[in-house]
DNA sequence: CATGAATGAGGTTTCATTCAT
DNA sequence: TATGAATGAAACCTCATTCAT
């Protein structure tokens with residue numbers, strides 16, 4: 001439970017439960033109608049509470065953004081941890097494939113939140129925006145790191161590791177943001193496989209162009 | 001001038017001028033605070049009119065979205081025309097490079113509008129959303145078409161032409177949406193060159209992996 | 001309580017109470033300054049609510065017209081029922097006198113509402129206007145019916161029953177609309193008696209011109 | 001031309017012409033949408049002027065009410081003059097019939113204006129309302145006067161001459177206000193004849209109940 | 001004389017939030 | 001803990017009116 005948001009309840013369990021209820025409903029509505037286009041009444045209605053009651057669990061509408069963000073960050077850092085762990089365990093090629101898979105699955109599990117953060121970021125308050133960007137940078141660093149390591153070992157040949165890392169992140173976000181279109185054509189696993197192939201092609205494994213493709 | 005939006009002015013020149021003024025200011029504000037988070041007063045203040053006067057040139061706030069969209073579409077279809085023209089004139093590889101370059105420059109010339117449309121699309125009214133998606137689909141088709149042609153002639157080897165086309169579009173949008181970050185690291189020309197290389201690598205020109213890279 | 005108008009309150013009693021409060025104040029203001037000349041703030045001020053709170057009980061300003069109308073219609077149909085009942089019980093002459101008396105008292109009990117509806121009718125939305133006219137037609141039919149019956153039985157001699165019925169209705173409305181002038185000269189009972197005499201004189205009871213006058 | 005309303009024009013002819021144009025259009029709109037529901041733009045549009053230009057001929061929107069009223073008064077006093085003249089020339093019965101006929105035709109010739117004044121009167125400024133009521137009182141006095149004279153000479157037997165006079169006025173106004181309904185059933189001449197008969201029946205010409213009916 | 005552009009004031013309505021219960 | 005009533009502030013938009021041309 002975020003300790004930084006005022007509560008009138010002392011029952012942590014309940015606070016947790018209500019907040020997740022609020023966030024779940026709010027995110028959906030925000031994605032449909034925008035943050036300012038969604039009223040507290042809308043949210044209250046969607047999560048079967050009264051709007052007055054919502055204020056027992058958050059201080060104000062803006063807190064919902066923070067909660068969504070924090071939820072996303074927990075997942076993000078879990079992804080980062082697991083990906084880095086993989087890098088220790090596996091060779092760079094496998095580590096990259098592993099990281100991509102983890103990342104895309106992480107995104108897929110939080111599509112609504114990712115979409116909201118991605119779309120809304122420009123209009124968030126400065127401190128919130130900074131935090132979101134920080135996490136995105138940390139995620140990007142995971143990939144950049146793997147790419148650098150691959151280059152150092154001669155296994156990859158990349159020019160512009162940072163940008164390729166950015167691209168990978170964007171492909172993930174694209175899955176969330178454009179899911180309306182993509183979701184009809186691919187499952188997350190197919191999407192992961194095809195995009196992984198494309199990425200691997202870009203790291204220019206001369207002479208062994210296809211062995212890594214399943 | 002969009003003939004479909006009510007005006008109380010009869011001076012076409014002025015209407016054009018005021019509308020572009022309105023749009024220019026509005027887009028910036030929308031990107032900063034979101035559509036619903038931006039008030040007509042904000043816009044009026046930004047473009048040094050009274051909010052009452054704005055209503056001499058548009059019917060309502062929603063029209064601003066339409067105007068932004070229409071402006072974007074004119075540019076989009078110009079890109080489509082030029083890219084298709086290139087495809088007739090040039091070989092597929094050059095045609096692809098040409099299309100990418102045109103597309104990225106098109107995006108760069110309308111970054112604010114693209115960002116707004118891209119971010120806000122989910123919350124637009126159905127008819128507007130449909131139009132925006134239609135144009136995006138037409139843009140995507142340009143790339144898909146080139147890729148198919150290259151595959152047919154044996155010059156490309158792509159699996160998943162449609163998705164690669166989607167990716168290219170997304171890379172363009174990324175330049176607009178993440179310009180805050182990317183703009184500091186690359187000029188549009190550098191960005192174009194690096195991404196073009198990455199894309200070309202993905203079309204798997206076996207045996208001639210680098211001749212096309214400048 | 002009108003079930004067709006949106007409320008954010010769940011307390012029916014309160015809704016009833018607030019709505020009647022709103023209507024009572026609104027009608028007075030409408031008659032003084034016209035519908036469009038009266039602002040929601042005016043109304044709110046008059047009934048000691050905030051204008052925002054009014055919207056907990058009605059959907060919009062137009063609903064006030066509907067509520068006024070519906071209140072009037074309940075009374076109108078009560079008059080119609082009672083008058084028709086009288087026609088079954090009494091001879092035509094007594095039935096006519098009874099109906100006039102009932103009608104005038106009905107009008108007197110809702111003077112403000114009648115005045116508003118009568119004056120404003122031309123500018124109401126089509127559906128509302130149609131309803132008001134329908135009720136007025138039903139009221140007129142009551143008198144026309146009595147007059148026809150009297151003619152059939154030979155007790156009355158009227159040429160133009162329908163117009164005489166219209167006239168009776170108008171005399172009633174006149175009591176409401178011109179009450180500023182008439183109210184100083186007559187009580188409703190006096191007004192009723194004098195007008196009843198005039199009406200009875202018009203039905204031409206040959207040979208017995210005065211026996212029915214008290 | 002009303003000398004009391006500011007003009008920027010010195011061409012009396014033009015002022016007269018423009019004002020009558022304005023009034024003619026405004027009255028129609030007022031009756032359809034109410035005074036406050038009609039915008040200057042509406043009026044300007046209806047009389048093919050610009051709203052700015054209207055202000056060359058009147059000081060403000062309220063002046064239109066005054067102009068309508070003044071136009072009506074000219075006609076009213078013409079009616080009063082002619083009716084009184086008739087009373088000198090004719091016997092009371094003929095004078096009454098003459099006055100009714102004149103009055104109804106007067107109303108018919110200015111239906112829109114009468115309707116507007118009748119409906120709007122309650123919301124006019126005090127001085128305007130006073131003037132309208134004054135004229136109505138003068139009109140009423142014409143009939144009251146005839147009725148008194150007829151009673152004095154023994155030709156009439158009326159109890160409540162003033163109220164009967166009021167009724168006659170109301171019947172005339174009814175022709176204007178309810179013309180939508182009545183106009184379909186009667187011409188003004190038929191309406192006049194039937195109502196005249198009804199009125200004459202009320203003055204109780206014992207023994208000669210019908211000789212005056214055509 | 002007539003016009004089009006412009007605006008301050010004010011209209012209706014919504015909303016985030018509070019508070020007594 | 002949860003609720004329903006209430007509200008100040010602000011949103012979009014319209015209008016009567018002015019003024020330079």
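Take the conditions surrounded by 15 or more Cβ atoms within 10 Å (Cβ to Cβ), away from chain D (no Cβ under 14 Å) and within 14 Å of the chain's Cα centre (by Cα) and apply them to residue C:86. Does it pass? So that I can check it myself, show each step before the final result.
Values: surrounded by 15 or more Cβ atoms within 10 Å (Cβ to Cβ): yes; away from chain D (no Cβ under 14 Å): yes; within 14 Å of the chain's Cα centre (by Cα): no.
Taking the combined requirement at face value, the residue does not satisfy it.
Restricted to the stretch B:1-94, the set of helices (runs of 4 or more DSSP H) holding at least 1 residues that are more than 10 Å from DNA strand E (Cβ to nearest atom) comprises B:12-33, B:40-46, B:61-89.
Within the stretch A:157-172, take every residue that is in a loop (DSSP other than H, G, I, E, B) and over 11 Å from residue A:199 (Cβ atoms) and give me the one that is nearest to the other protein chains (Cβ to nearest Cβ). Residue satisfying both the conditions and the ranking: A:160. Here residue B:40 fulfils each of the conditions (1) within 10 Å of DNA strand F (Cβ to nearest atom); (2) within 12 Å of another protein chain (Cβ to nearest Cβ) apart from (2). Against the numbered list (1) farther than 21 Å from residue A:167 by Cα; (2) surrounded by 18 or more Cβ atoms within 10 Å (Cβ to Cβ), residue A:106 comes up short only at (1). With respect to residue D:49, is the statement that it is surrounded by 14 or more Cβ atoms within 10 Å (Cβ to Cβ), outside the structural domain of residue D:165 (by TED's automatic domain parsing) and within 8 Å of DNA strand F (Cβ to nearest atom) true? So residue D:49 does not fit the description; no.
None of C:131, C:195 is part of a helix (DSSP H, G or I), in contact with a helix residue (DSSP H, G or I) (Cβ under 8 Å, 6 or more places away or on another chain) and within 11 Å of chain D (Cβ to nearest Cβ) except C:195. Scanning the stretch D:105-118 turns up no residue that is more than 16 Å from DNA strand F (Cβ to nearest atom), more than 29 Å from residue D:43 (Cα to Cα) and modelled with pLDDT of 95 or more.
Does residue B:58 satisfy being within 16 Å of DNA strand F (Cβ to nearest atom), more than 14 Å from the chain's Cα centre (by Cα) and more than 14 Å from chain A (Cβ to nearest Cβ)?
Working: within 16 Å of DNA strand F (Cβ to nearest atom): yes; more than 14 Å from the chain's Cα centre (by Cα): yes; more than 14 Å from chain A (Cβ to nearest Cβ): yes.
When the stated conditions are applied, residue B:58 passes them.
Let's see how each residue does on (1) under 30 Å from residue A:36 (Cα atoms); (2) without any contact (Cβ under 8 Å) to a residue 40 or more places away in the chain; (3) surrounded by 22 or more Cβ atoms within 10 Å (Cβ to Cβ):
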{"site": "A:117", "(1), (2), (3)": "yes, no, yes"}
{"site": "A:128", "(1), (2), (3)": "yes, no, no"}
{"site": "A:152", "(1), (2), (3)": "no, yes, no"}
{"site": "A:160", "(1), (2), (3)": "no, yes, no"}
{"site": "A:168", "(1), (2), (3)": "no, no, yes"}
{"site": "A:183", "(1), (2), (3)": "yes, yes, no"}
{"site": "A:186", "(1), (2), (3)": "no, yes, no"}
{"site": "A:189", "(1), (2), (3)": "no, yes, no"}
{"site": "A:192", "(1), (2), (3)": "no, no, yes"}
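For the stretch B:20-36, the condition of being within 9 Å of DNA strand F (Cβ to nearest atom) and either within 14 Å of chain A (Cβ to nearest Cβ) or free of Cβ contacts under 8 Å to residues at least 12 places away in the same chain (or both) holds for at least one residue.
If we scan the stretch C:138-153, do we find a residue that is more than 7 Å from every other protein chain (Cβ to nearest Cβ) and closer than 24 Å to residue D:157 by Cα?
The initial filter retains those residues of the stretch C:138-153 that are more than 7 Å from every other protein chain (Cβ to nearest Cβ), namely C:138-153.
Then drop every residue that is not closer than 24 Å to residue D:157 by Cα, which leaves none.
No: zero hits.
The values are calculated or read from the model by the stated rules, or taken from the named source; none is laboratory data. It should be emphasised that the depicted structure is a prediction, and the values quoted were computed from it without experimental measurement. Neighbour counts run over all protein chains shown; Cβ positions are idealised from the backbone, glycine included.
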